[in-house]
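Here is the structure we will look at.
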Amino acid sequence: MDKPVGPPPALFSDLDLSPVMYAALDRAGFAHATPIQAALIPLALNGEDVIGQARTGTGKTAAFSIPILEQLDSLDTTRDPQAIIIVPTRELADQVAKEAGRLAHGVPTEIAVLSGGKNMTGQLRQLQNGVQVVVGTPGRIHDHLQRGTLRTDSVWCVVLDEADRMLDIGFRPQIERILRRCPRERQTLLLSATLPETVRRLAESYM
């Protein structure tokens with residue numbers, strides 16, 4: 001991260017979150033924030049671009065989901081996606097969407113999973129009906145952009161989860177095309193277990 005954040009708070013109650021989010025966290029059994037959550041959430045809520053080094057199992061999904069959910073406009077304001085979360089596999093897309101759905105308890109939130117192996121007709125119908133958050137794999141998200149079925153005009157946050165793994169698989173061309181289609185004035189959160197040169201170059205280009 002670009003600047004020191006000080007000692008992280010040990011409890012979610014030490015973070016500046018909404019009452020409805022505290023209720024959702026309590027319902028999910030979350031009390032103590034992990035180091036990545038305590039460090040990333042305040043910066044993300046402040047609108048900053050963040051690079052977070054975190055492995056699977058460290059609570060990184062909640063770390064980027066909570067700031068997004070806290071700042072979403074309702075579907076009455078816009079029916080186009082406001083946040084896009086890019087992950088390497090359809091299994092992870094399902095997991096992230098499920099976790100975000102748990103954290104959204106108490107506030108009606110439309111989350112669409114766009115990944116290969118899923119029914120395209122269902123995805124198209126959900127996008128037409130209006131979604132606030134898209135979680136998906138680079139190939140399928142790019143496919144929807146090419147078809148014109150995914151609009152990015154209202155996107156204010158893009159998350160690259162497991163960035164090192166996505167680049168290892170060879171998704172860099174699709175990721176770059178997706179990022180170029182999103183508004184320049186946006187927030188970018190990059191999560192990666194390791195920070196090799198390929199990930200650093202991607203961050204320098206788009207963050």
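The values are calculated or read from the model by the stated rules, or taken from the named source; none is laboratory data. Everything numeric in this text was worked out from a predicted model, so none of it was measured. Cβ placement follows ideal geometry from the backbone for every residue including glycine, while neighbour counts extend to all protein chains displayed. Side chains are part of the model used for accessible areas, which takes the heavy atoms of the whole protein and leaves out ligands, DNA and RNA. Shrake-Rupley method; radii C 1.70, N 1.55, O 1.52, S 1.80 Å.
Residues that are of a type in the set (D, E, K, R) and in contact with a strand residue (DSSP E or B) (Cβ under 9 Å, 6 or more places away or on another chain) within region 27-49 comprise GLU48, ASP49, listed in sequence order.
One line per residue, one yes/no per condition, for (1) out of contact with any Phe, Trp or Tyr (no Cβ under 7 Å at 6 or more places or on another chain); (2) within 23 Å of ALA62 (Cα to Cα); (3) open to solvent by less than 50 Å² (accessible area, probe 1.4 Å):
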| residue | (1), (2), (3) |
| --- | --- |
| ASP94 | yes, yes, no |
| ALA97 | yes, yes, yes |
| GLY101 | yes, yes, yes |
| GLY117 | yes, no, no |
| GLY122 | yes, no, yes |
| LEU127 | yes, no, yes |
| VAL134 | yes, yes, yes |
| PRO138 | no, yes, yes |
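State all residues of region 51-82 that are at pLDDT 95 or above, open to solvent by less than 50 Å² (accessible area, probe 1.4 Å) and over 25 Å from GLU110 (Cβ atoms); if no residue qualifies, say none. If the condition is that a residue be at pLDDT 95 or above, open to solvent by less than 50 Å² (accessible area, probe 1.4 Å) and over 25 Å from GLU110 (Cβ atoms), then GLY52 is the only one that fits. Counting just the residues of region 31-50 that are touching a residue at least 60 places away in the same chain (Cβ under 8 Å) and open to solvent by less than 10 Å² (accessible area, probe 1.4 Å), which one comes out nearest to GLN82 (Cα to Cα)? Only one residue tops the list, namely ALA44.
All of ARG180, ARG165 fail the test of being open to solvent by 50 Å² or more (accessible area, probe 1.4 Å), within 22 Å of GLU99 (Cβ to Cβ) and not acidic (Asp, Glu), apart from ARG165.
Only a single item in (1) out of contact with any helix residue (DSSP H, G or I) (no Cβ under 8 Å at 6 or more places or on another chain); (2) open to solvent by less than 40 Å² (accessible area, probe 1.4 Å) is not met by GLU185, and it is number (2). Listed by first and then second residue, the pairs linking a residue in region 74-90 that is assigned to a strand (DSSP E or B) to a residue that is among the small types (Gly, Ala, Ser) and open to solvent by less than 10 Å² (accessible area, probe 1.4 Å), with Cβ atoms under 7 Å apart and 6 or more places separating them unless they lie on different chains, are ILE86/GLY136.
For region 132-150, the set of residues classified as out of contact with any Leu (no Cβ under 8 Å at 6 or more places or on another chain) and part of a loop (DSSP other than H, G, I, E, B) consists of GLY148 only.
Here's the yes/no breakdown for (1) under 16 Å from the mean Cα position of the chain (by Cα); (2) among the aliphatic types (A, V, I, L, M); (3) closer than 28 Å to ALA23 by Cα; (4) in a loop (DSSP other than H, G, I, E, B):
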position	(1), (2), (3), (4)
ALA97	yes, yes, yes, no
GLY116	no, no, no, yes
ASP153	no, no, no, yes
ILE178	yes, yes, no, no
VAL199	no, yes, no, no
